[in-house]
Amino acid sequence: MHNAAFAALGLDWAYVPLPVPPERVGEAVRGLAALGFAGANITVPHKQAVIPFLDELTPIARAVGAVNTLVVRPDGSLLGDNTDGAGFMADLWAHGVRVCGSMGVSEYKPSALPHSHTPTRALVLGAGGAARAVVYALAEAGARVAVANRTQDRAQALCQALGAALEATAETQSAQRDSECLSDLRVSAVRPSSRLSAHPFPDALPELAAEAELIVNTTSLGLHEGDPLPWDAALPFRPGQVVYDLIYNRPTALLALARSQGATAIDGLGMLAHQGARAFELWTGVAAPAEVMLEAIREP
Ligand SMILES: NC(=O)c1ccc[n+]([C@@H]2O[C@H](COP(=O)([O-])OP(=O)(O)OC[C@H]3O[C@@H](n4cnc5c(N)ncnc54)[C@H](OP(=O)(O)O)[C@@H]3O)[C@@H](O)[C@H]2O)c1
């Protein structure tokens with residue numbers, strides 16, 4: 001998708017895959033500046049391991065505890081960022097779902113888009129790496145977020161860590177929030193750390209499902225044919241509810257069920273494209289052609 005974007009904008013850049021063994025990740029990223037790279041994406045299994053070799057992290061990367069994008073700055077120093085949360089919010093926005101204060105989406109001309117959903121209560125299924133980015137983005141934007149995970153301790157640890165990080169950055173973030181959101185008392189009255197709550201999955205679903213306006217599957221259930229639903233099929237979805245599944249490699253049973261019951265169903269392909277678009281902009285300083293990138297991954 002990056003090479004498609006470079007071609008569309010006539011940029012003489014190239015994006016190349018570079019497999020790196022775990023024990024050489026430090027050497028690899030330290031060599032980027034000398035080799036003339038503007039940046040890199042970091043993927044499994046290096047997203048945490050790369051951190052000690054970087055000069056600075058963005059507040060989001062620090063809070064999430066994982067880096068998926070590196071920027072090589074003009075002096076050769078390395079900045080680590082995490083664009084998954086921004087990609088998720090941008091894709092929600094592109095689908096007409098507006099969570100107040102959505103970070104990282106100003107580039108996507110939000111005023112030009114109609115917004116049919118404005119959820120303030122979200123239910124996130126899962127508490128792994130992707131969940132951390134999604135939960136941080138939603139809570140930072142002002143939503144109340146219930147996190148339900150099979151291993152409840154992990155959900156609790158996530159809420160504690162992200163709550164503390166959100167409190168630390170609350171003042172900066174509230175300064176960036178737009179006036180429409182500031183006037184939304186449902187959002188602004190709640191302290192960031194109080195917006196997060198941890199629950200057992202699947203036992204807490206009946207209690208949480210009814211009030212959730214946005215339900216996000218960040219578990220890996222659905223990646224493979226025959227996986228169980230990350231949901232209780234006895235709990236109905238409803239029109240007006242938005243169900244987002246981060247899985248993008250195949251149509252999931254969760255989204256099929258949600259759609260059949262009148263909810264808005266969104267898959268993770270747009271998040272993938274938008275997190276890439278965000279990285280593209282960090283490297284090039286040029287607005288990313290997000291639609292071109294989305295098309296490139298839709299039909300590789
Ligand atoms: N669209 C995008 O751009 C994008 C970006 C990032 C990730 N993703 C997708 O997001 C998904 C999660 O990625 P990740 O990096 O967060 O993975 P991860 O860190 O391994 O987390 C996996 C999560 O799934 C839960 N889980 C796994 N098997 C389960 C089961 N049988 N029953 C209930 N819960 C189960 C885990 O619960 P426990 O804590 O109890 O183990 C954990 O919460 C993957 O499908 C990935 O492809 C998409």
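With the structure loaded, tell me whether Gly36 is assigned to a helix (DSSP H, G or I) and either outside the structural domain of Leu158 (by TED's automatic domain parsing) or within 16 Å of the ligand (Cβ to nearest atom) (or both) or whether it fails that test. Reasoning before the result, please.
Details: assigned to a helix (DSSP H, G or I): no; either outside the structural domain of Leu158 (by TED's automatic domain parsing) or within 16 Å of the ligand (Cβ to nearest atom) (or both): yes.
Considered against the rule, which asks whether it is assigned to a helix (DSSP H, G or I) and either outside the structural domain of Leu158 (by TED's automatic domain parsing) or within 16 Å of the ligand (Cβ to nearest atom) (or both), Gly36 comes out as no.
Please verify whether segment 250-266 includes one or more residues that are farther than 19 Å from Asn149 by Cα, within 14 Å of the ligand (Cβ to nearest atom) and in contact (Cβ under 8 Å) with a residue 40 or more places away in the chain.
Yes; the residues of segment 250-266 include at least one that is farther than 19 Å from Asn149 by Cα, within 14 Å of the ligand (Cβ to nearest atom) and in contact (Cβ under 8 Å) with a residue 40 or more places away in the chain.
Is at least one residue of segment 188-203 within 15 Å of the ligand (Cβ to nearest atom), surrounded by fewer than 21 Cβ atoms within 10 Å (Cβ to Cβ) and free of Cβ contacts under 8 Å to residues at least 12 places away in the same chain?
Looking for residues that are within 15 Å of the ligand (Cβ to nearest atom), surrounded by fewer than 21 Cβ atoms within 10 Å (Cβ to Cβ) and free of Cβ contacts under 8 Å to residues at least 12 places away in the same chain, one finds at least one in segment 188-203, hence yes.
Pairs needed: first member in segment 28-48, exposed (fewer than 13 other Cβ atoms within 10 Å of the Cβ); second member anywhere, not in a loop (DSSP other than H, G, I, E, B) and not acidic (Asp, Glu); C-beta distance under 8 Å; at least 6 residues apart or different chains.
From segment 28-48, the pairs are Pro45/Pro22.
Can you tell me which of Glu23, Glu56 is more than 14 Å from the ligand (Cβ to nearest atom) and in contact with a strand residue (DSSP E or B) (Cβ under 7 Å, 6 or more places away or on another chain)? Lay out the reasoning, then the answer.
Values: Glu23 fails: in contact with a strand residue (DSSP E or B) (Cβ under 7 Å, 6 or more places away or on another chain).
Criteria check complete, one pass: Glu56.
Could you please find all residues in segment 229-271 being among the small types (Gly, Ala, Ser), surrounded by 15 or more Cβ atoms within 10 Å (Cβ to Cβ) and over 16 Å from the mean Cα position of the chain (by Cα)?
Taking segment 229-271 first, the residues among the small types (Gly, Ala, Ser) are 233-234, 240, 253, 256, 258, 260, 262-263, 265, 268, 270.
Checking the rest, the ones that are also surrounded by 15 or more Cβ atoms within 10 Å (Cβ to Cβ) come to 253, 258, 263, 265, 268, 270.
Passing the criteria: Ala253, Ala258, Ala263, Ala265.
Quick one: Val20 ticks every box in (1) surrounded by 14 or more Cβ atoms within 10 Å (Cβ to Cβ); (2) within 20 Å of the chain's Cα centre (by Cα) bar one, so which box is it?
All conditions pass for Val20, except number (2).
For segment 232-251, does any single residue satisfy the condition of being among the polar types (S, T, N, Q), out of contact with any helix residue (DSSP H, G or I) (no Cβ under 9 Å at 6 or more places or on another chain) and closer than 26 Å to Ala204 by Cβ?
Checked segment 232-251: no residue is among the polar types (S, T, N, Q), out of contact with any helix residue (DSSP H, G or I) (no Cβ under 9 Å at 6 or more places or on another chain) and closer than 26 Å to Ala204 by Cβ.
Could you please give the count of residues in segment 74-112 that are under 19 Å from Val242 (Cα atoms), β-branched (Val, Ile, Thr) and either more than 16 Å from the ligand (Cβ to nearest atom) or modelled with pLDDT of 95 or more (or both)?
So the answer is 1.
The values are calculated or read from the model by the stated rules, or taken from the named source; none is laboratory data. This is a predicted model, so every value here is computed, not measured. When we count neighbours, we look across all protein chains shown, and the Cβ atoms used for this are built from the backbone with ideal geometry, even at glycine.
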